[in-house]
Amino acid sequence: MSAHSDALNEEFVVLSDFTADGTDQLSLRRGDRLEVLSRPCEDWWWAELRGDEVGYVPACHLLQCRISTNTCPEARMQQQEELEDPWQDEEYFGSYGTLKLHLEMLLDRSRTEAYRQVVLSNRDLLKDKVVMDLGCGTGVISLFCAQLAQPAKVYAVEASSMAQYTRQLVRQNGCEDVVSVLQGRAEHIQLPQKVDVLLSEWMGNCLLFEFMVEAVLLVRQRWLAEGGVMWPSSAALLLVPCQAHSFYSENMSFWKNPYGLDFSPLQPLAQQELFSKPKFSHVLEPQDCLSVPSAVLALNMYTLTVQDLEEMEGQFGFRVDKPGDFHGFCAWFSVGFESLQAGGEAVQLHTGPFSEPTHWKQTLFMLDSPVSVQQGDSISGSMVLRRNQTWRRHMSVTLSWTHHSSTEDTSKARHGSYTHHQ
Ligand code: GJV
């Protein structure tokens with residue numbers, strides 16, 4: 001790197017793979033380092049990769065290197081470690097190398113049965129198809145395919161060390177002729193052929209956390225045959241304004257009188273600490289929904305791009321059904337698996353409060369303080385999901401809303417905007 005650019009600190013590391021579209025763009029691999037030569041606009045920069053190739057690169061795939069040649073070696077090492085893995089893969093795939101999470105997923109009957117149902121209801125048309133199960137874990141979905149239908153091949157791809165056990169399970173269940181277990185990140189895997197069906201259980205909390213969906217989109221681009229099928233084929237994020245009395249009071253009332261002492265000055269801090277993060281694994285009781293839930297995002301798995309994941313926005317407009325305390329918003333998702341048969345019925349997996357419980361439960365976003373609402377009031381606004389620029393499995397969620405009372409003067413509308421970081 002030249003002394004000039006060193007002074008400007010224009011060295012960047014690539015956070016996620018990018019495939020060039022056209023000859024003036026550079027294809028990038030996660031971990032590549034490059035030098036940004038100029039920034040003609042906010043989104044696209046002109047950069048030099050490996051000392052020879054020059055082209056446009058998407059700014060959102062880059063993270064600036066803070067490594068300075070002047071700092072001591074220990075500090076540089078630490079900085080390097082911090083920079084190294086925006087995907088936190090060691091921790092992520094490490095956790096999927098143990099049984100705890102797999103057991104949780106296998107015990108989730110609604111989830112597992114939904115995938116089994118997808119295979120069953122498409123068994124005839126799956127005959128002779130080539131399938132990829134992306135992130136197969138213990139291989140349960142691949143085994144459903146092999147045992148309930150007659151695919152030509154199932155590539156069961158798994159990055160964690162669980163893959164070694166999955167191979168044994170495939171053999172133990174007599175499916176080794178059909179199911180090939182491939183260990184590695186699906187984005188980097190090589191296959192002898194394209195696939196007709198790209199199947200994956202990639203959904204995280206609030207649909208997107210973990211951003212495993214990125215791997216699905218990259219694999220779609222590379223390995224899905226023309227006219228191939230995505231399972232799930234669509235995904236929706238749903239939202240509802242809700243009450244959360246016990247969560248609110250558990251956290252707030254404790255400070256009123258512990259051991260006969262008044263600790264209430266800590267309430268604002270408790271609020272700030274607790275309510276600024278989403279609460280995962282919240283169980284929303286149907287009676288705590290203040291309105292009919294509505295979809296804020298509807299994703300088409302054929303057209304969604306990695307770029308779209310950087311920032312997504314949805315609008316909402318709720319009519320309050322009953323009087324209560326508006327403590328926050330609750331979110332969950334549904335996914336749909338289209339039929340291989342033209343006009344056939346899609347299989348749906350719902351994870352909301354009105355469906356059979358799943359291990360995802362719901363995600364609660366609290367307001368700082370509750371708002372009393374009446375039947376007929378309206379709550380409208382937007383939800384913005386911004387992917388973290390450094391930690392690629394994370395995002396922040398901003399909910400901006402206005403409450404219009406149906407009885408009071410409209411000039412008394414209350415507004416709020418909260419960003420929840422994870
Ligand atoms: N390539 C291969 N396996 C993966 C990848 C990837 N890019 N990402 C996740 N997995 N629904 N949120 C594996 C991971 O190791 C685990 O076994 C499984 O996919 C996660 C499935 C459930 N997580 C989810």
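The values are calculated or read from the model by the stated rules, or taken from the named source; none is laboratory data. Predicted model, so just to flag it, every value in this text is computed and none were measured. Note: ideal-geometry Cβ built from the backbone for every residue, glycine included; neighbour counts use all protein chains shown.
Quick one: would you say residue 151 is farther than 21 Å from residue 119 by Cα and over 28 Å from the mean Cα position of the chain (by Cα)? I'd like the intermediate steps shown before the answer.
Working: farther than 21 Å from residue 119 by Cα: no; over 28 Å from the mean Cα position of the chain (by Cα): yes.
In short, no.
Testing residue 336 on (1) within 21 Å of residue 318 (Cβ to Cβ); (2) of a type in the set (Gly, Ala, Ser); (3) part of a strand (DSSP E or B), one condition comes back false. Which one is that?
(1)
If I ask for residues that are in a loop (DSSP other than H, G, I, E, B) and exposed (fewer than 14 other Cβ atoms within 10 Å of the Cβ), which ones from the range 285-300 would you list?
Within the range 285-300, the subset in a loop (DSSP other than H, G, I, E, B) is 285, 290-293.
Of everything in the range 285-300, those that are in a loop (DSSP other than H, G, I, E, B) and exposed (fewer than 14 other Cβ atoms within 10 Å of the Cβ) turn out to be 285, 292.
Restricting to the range 145-177, and then to whatever is among the polar types (S, T, N, Q) and free of Cβ contacts under 8 Å to residues at least 12 places away in the same chain, can you tell me which residue is farthest from residue 87 (Cα to Cα)?
Narrowing the range 145-177 to residues among the polar types (S, T, N, Q): 147, 150, 160-161, 164, 166, 168, 172-173.
Right, trim to free of Cβ contacts under 8 Å to residues at least 12 places away in the same chain and you get 168, 172.
Values: 168: 28, 172: 33 Å.
Here the answer is 172.
Please verify whether the range 260-281 includes one or more residues that are in a strand (DSSP E or B), touching a strand residue (DSSP E or B) at 6+ places or on another chain (Cβ under 9 Å) and not charged (D, E, K, R).
Pass one, the range 260-281, residues in a strand (DSSP E or B): 279-281.
When the remaining residues are screened for being touching a strand residue (DSSP E or B) at 6+ places or on another chain (Cβ under 9 Å), the result is 279-281.
Of the ones still in play, those that are also not charged (D, E, K, R) are 280-281.
The answer is yes, given that some residue of the range 260-281 is in a strand (DSSP E or B), touching a strand residue (DSSP E or B) at 6+ places or on another chain (Cβ under 9 Å) and not charged (D, E, K, R).
Of these, 353, 370, which one is buried (at least 16 other Cβ atoms within 10 Å of the Cβ), more than 18 Å from the chain's Cα centre (by Cα) and part of a loop (DSSP other than H, G, I, E, B)? Break it down stepwise before answering.
On the way: 370 fails: part of a loop (DSSP other than H, G, I, E, B).
Testing whether each residue is buried (at least 16 other Cβ atoms within 10 Å of the Cβ), more than 18 Å from the chain's Cα centre (by Cα) and part of a loop (DSSP other than H, G, I, E, B) leaves just 353.
For (1) of a type outside the set (Val, Ile, Thr); (2) modelled with pLDDT of 75 or more, each residue gets a yes or a no:
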| position | (1), (2) |
| --- | --- |
| 50 | yes, no |
| 57 | no, yes |
| 60 | yes, yes |
| 68 | yes, no |
| 73 | yes, no |
| 90 | yes, yes |
| 93 | yes, yes |
| 100 | yes, yes |
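Run residue 110 past the list (1) hydroxyl-bearing (Ser, Thr, Tyr); (2) surrounded by fewer than 22 Cβ atoms within 10 Å (Cβ to Cβ); (3) more than 25 Å from residue 340 (Cα to Cα) and report the number of the one that doesn't hold.
The single condition residue 110 does not satisfy is (3).
Which of (1) surrounded by 13 or more Cβ atoms within 10 Å (Cβ to Cβ); (2) assigned to a loop (DSSP other than H, G, I, E, B) does residue 408 not meet, given it meets every other one?
(1)
How many residues, within the range 45-61, are free of Cβ contacts under 8 Å to residues at least 60 places away in the same chain and in a strand (DSSP E or B)?
10
Which residues, counting only those in the range 28-44, are within 27 Å of the chain's Cα centre (by Cα) and at pLDDT 85 or above? Explain how you work it out, then say what you get.
If we filter the range 28-44 for residues that are within 27 Å of the chain's Cα centre (by Cα), which is where we start, we get 28-33, 42-44.
Those that are within 27 Å of the chain's Cα centre (by Cα) and at pLDDT 85 or above: 28, 43, 44.
Name the residue, out of 360, 401, that is crowded, with 20+ Cβ neighbours inside 10 Å and not in a strand (DSSP E or B).
Values: 401 fails: not in a strand (DSSP E or B).
Every option except 360 fails the conditions.
What are the residues in the range 213-262 that are crowded, with 20+ Cβ neighbours inside 10 Å and either among the hydroxyl-bearing types (Ser, Thr, Tyr) or over 30 Å from residue 299 (Cα atoms) (or both), if any?
248
So which strands (runs of 3 or more DSSP E) stay within the range 194-244 end to end and still have 2 or more residues that are within 13 Å of the ligand (Cβ to nearest atom)? Full working, then the answer.
Numbers: elements: 195-200, 224-231, 234-242.
Passing ranges, in order: 195-200.
Which helices (runs of 4 or more DSSP H) does the range 88-184 wholly contain that include 1 or more residues that are away from the ligand (no atom under 15 Å from the Cβ)?
Numbers: elements: 89-95, 99-107, 109-121, 140-148, 162-172.
Ranges flagged: 109-121, 140-148, 162-172.
With the requirement that a residue be surrounded by fewer than 13 Cβ atoms within 10 Å (Cβ to Cβ) and farther than 18 Å from residue 94 by Cβ, what does the range 169-187 give you? Let's see the steps before the verdict.
Narrowing the range 169-187 to residues surrounded by fewer than 13 Cβ atoms within 10 Å (Cβ to Cβ): 171-172, 174, 177, 184.
171, 172, 174, 177, listed by residue number.
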